[in-house]
1. Could you tell me whether any residue of region 266-289 is out of contact with any strand residue (DSSP E or B) (no Cβ under 8 Å at 6 or more places or on another chain) and crowded, with 18+ Cβ neighbours inside 10 Å?
2. Given the criteria over 30 Å from Arg255 (Cβ atoms), touching a residue at least 24 places away in the same chain (Cβ under 8 Å), touching a helix residue (DSSP H, G or I) at 6+ places or on another chain (Cβ under 8 Å) and away from the ligand (no atom under 16 Å from the Cβ), does Gly63 qualify?
3. Of the numbered conditions (1) modelled with pLDDT of 95 or more; (2) crowded, with 21+ Cβ neighbours inside 10 Å, Arg227 fails exactly one; give the number of that condition.
4. What residue, of Gly174, Gly183, is farther than 25 Å from Val93 by Cα, open to solvent by less than 50 Å² (accessible area, probe 1.4 Å), of a type in the set (Gly, Ala, Ser) and more than 10 Å from the ligand (Cβ to nearest atom)?
5. Within the set of pairs 6+ apart or on separate chains, which have a first residue in region 19-47 that is farther than 23 Å from Glu74 by Cα and at pLDDT 95 or above, a second that is open to solvent by less than 40 Å² (accessible area, probe 1.4 Å) and assigned to a loop (DSSP other than H, G, I, E, B), and C-beta atoms under 7 Å apart?
6. For region 210-250, how many residues are touching a residue at least 60 places away in the same chain (Cβ under 8 Å) and either within 13 Å of the ligand (Cβ to nearest atom) or of a type in the set (S, T, N, Q) (or both)?
7. Does at least one position in region 187-194 carry a residue that is away from the ligand (no atom under 12 Å from the Cβ), of a type in the set (A, V, I, L, M) and assigned to a strand (DSSP E or B)?
8. If a residue must be surrounded by fewer than 23 Cβ atoms within 10 Å (Cβ to Cβ) and not charged (D, E, K, R), how many such residues does region 98-117 contain?
Amino acid sequence: MSLWKSAFDGLARSKAVAGFVQGNRFAQGLASRFVGGDAAPAAIRKCVELSARGVATSLNYLGEYVESPAAIEENVSQIVTAIRSLGQTALDVHVSIYPTQIGYAHSGELGEAGGLRIAQALAEQPAAGRRKLLMLDMEDFPLVRHTLDLRARLAQSGCPTGITIQAYLHRTEGDLRDLVADGAAAIRLVKGAFAERPERAWTRRSDINREYLRHASYLLSADAKSRGLYPVFATHDAATIRAVIGVAERNRRSRDDYEFEMLYGVRTPLQRQIVAEGRRLRLYVPFGTEWWPYTMHRIGENPANARMVLSALWNSRQ
Ligand code: FDA
């Protein structure tokens with residue numbers, strides 16, 4: 001890991017720094033580059049704004065790895081409240097959740113109960129004019145089995161549920177086949193964000209990129225389509241995006257058969273280009289008061305963001 005990235009990972013983990021900056025004007029300016037707002041109404045306004053520009057969204061309430069039942073309850077309630085507010089709009093929004101924010105960092109039972117409450121809230125919303133999908137984010141390796149089981153349980157309960165699958169894991173080929181065979185509504189393919197051991201995952205960038213395209217090909221296959229799968233390709237890598245488009249065209253898939261997803265605030269010119277080409281784009285819009293770790297990770301992912309930090313610091317002096 002580069003010195004730059006590890007410095008920002010350290011900052012992201014520091015509770016003392018988070019406590020200090022989450023009320024600070026300079027840091028809030030930085031957060032607004034990547035975060036939709038500190039509560040659901042602001043984030044939903046951001047979704048409306050993006051929708052007017054032809055961009056769909058994926059809302060995520062910030063805060064992972066929550067162990068205390070009170071904090072889990074707060075997360076689940078915030079997500080349910082956001083879903084109810086979304087019910088009054090006709091937006092195309094996915095609701096993205098981390099298993100460890102809804103109970104899995106405490107126990108499987110609490111996690112499943114949290115997932116079912118969220119699914120129930122989605123089911124209660126009026127259907128007209130919107131695609132309602134719960135999208136499960138995928139965390140580190142020990143959570144993969146739990147997350148696959150949760151998706152199956154939520155789908156059984158009648159909630160359209162998608163799942164994020166990491167291309168770098170060796171187990172992914174089997175998981176994708178099982179998900180497609182089980183009629184999964186949507187699969188969001190990502191490269192994988194966690195430092196996994198070589199026995200479990202490809203670790204070289206070239207290997208991960210190759211695996212990503214191999215899995216993308218399967219998700220865009222006639223077999224996957226015939227089982228009703230909707231593939232979502234979540235990446236900021238322009239070369240990967242071009243290669244996925246090439247596979248889709250060779251497989252005669254229409255532009256409405258799949259979509260790309262990126263993080264709000266990351267590679268905005270590339271996002272505009274995708275939309276200008278008439279392709280489907282969804283942006284992941286996080287919201288909530290726990291924005292410090294998320295923002296630090298985004299800045300740490302790209303040293304070019306150093307300029308952004310310096311200019312925010314400079315502006316905060318004015
Ligand atoms: P890659 O790392 O190949 O880089 C491609 C280019 O994008 C480079 O030029 C790079 O500099 C640029 N880039 C990447 N991040 C940038 C940034 N912050 N600022 C500026 N430029 C940047 N992972 C996971 O394990 N579980 C999950 O549930 C999810 N969920 C998820 C949802 C969505 C919508 C996205 C976009 C990503 C995820 N991820 C994830 C993260 C994913 O696994 C992966 O770590 C990152 O997307 C980085 O890989 P890419 O393919 O985007 O770019």
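1. Just the residues of region 266-289 that are out of contact with any strand residue (DSSP E or B) (no Cβ under 8 Å at 6 or more places or on another chain), to begin with: 266-269, 272-273, 276-278, 289.
After this cut, where a residue has to be crowded, with 18+ Cβ neighbours inside 10 Å as well, the list is none.
The answer is no; no qualifying residue exists.
2. Details: over 30 Å from Arg255 (Cβ atoms): yes; touching a residue at least 24 places away in the same chain (Cβ under 8 Å): yes; touching a helix residue (DSSP H, G or I) at 6+ places or on another chain (Cβ under 8 Å): yes; away from the ligand (no atom under 16 Å from the Cβ): no.
No, not satisfied.
3. Arg227 satisfies all of (1) modelled with pLDDT of 95 or more; (2) crowded, with 21+ Cβ neighbours inside 10 Å except (2).
4. Working: Gly183 fails: farther than 25 Å from Val93 by Cα.
Just a single option satisfies the conditions, and that option is Gly174.
5. Taking only residues 6 or more apart or on different chains, not a single pair turns up.
6. Let us first name the residues in region 210-250 that are touching a residue at least 60 places away in the same chain (Cβ under 8 Å), namely 230, 232, 234.
Keeping just the survivors that are either within 13 Å of the ligand (Cβ to nearest atom) or of a type in the set (S, T, N, Q) (or both) gives 232, 234.
Here the count works out to 2.
7. Restricting attention to region 187-194, the residues satisfying the condition of being away from the ligand (no atom under 12 Å from the Cβ) are none.
The answer is no, given that none of the residues of region 187-194 is away from the ligand (no atom under 12 Å from the Cβ), of a type in the set (A, V, I, L, M) and assigned to a strand (DSSP E or B).
8. Pass one, region 98-117, residues surrounded by fewer than 23 Cβ atoms within 10 Å (Cβ to Cβ): 105-110, 112-113, 116-117.
Then drop every residue that is not not charged (D, E, K, R), which leaves 105-108, 110, 113, 116.
Final tally of qualifying residues: 7.
The values are calculated or read from the model by the stated rules, or taken from the named source; none is laboratory data. In this text the structure is predicted, and so the values were computed from the model without any measurement. Neighbour counts run over all protein chains shown; Cβ positions are idealised from the backbone, glycine included. Keep in mind that these areas ignore ligands, DNA and RNA; they rest on the heavy atoms of the full protein, side chains included. Shrake-Rupley method; radii C 1.70, N 1.55, O 1.52, S 1.80 Å.
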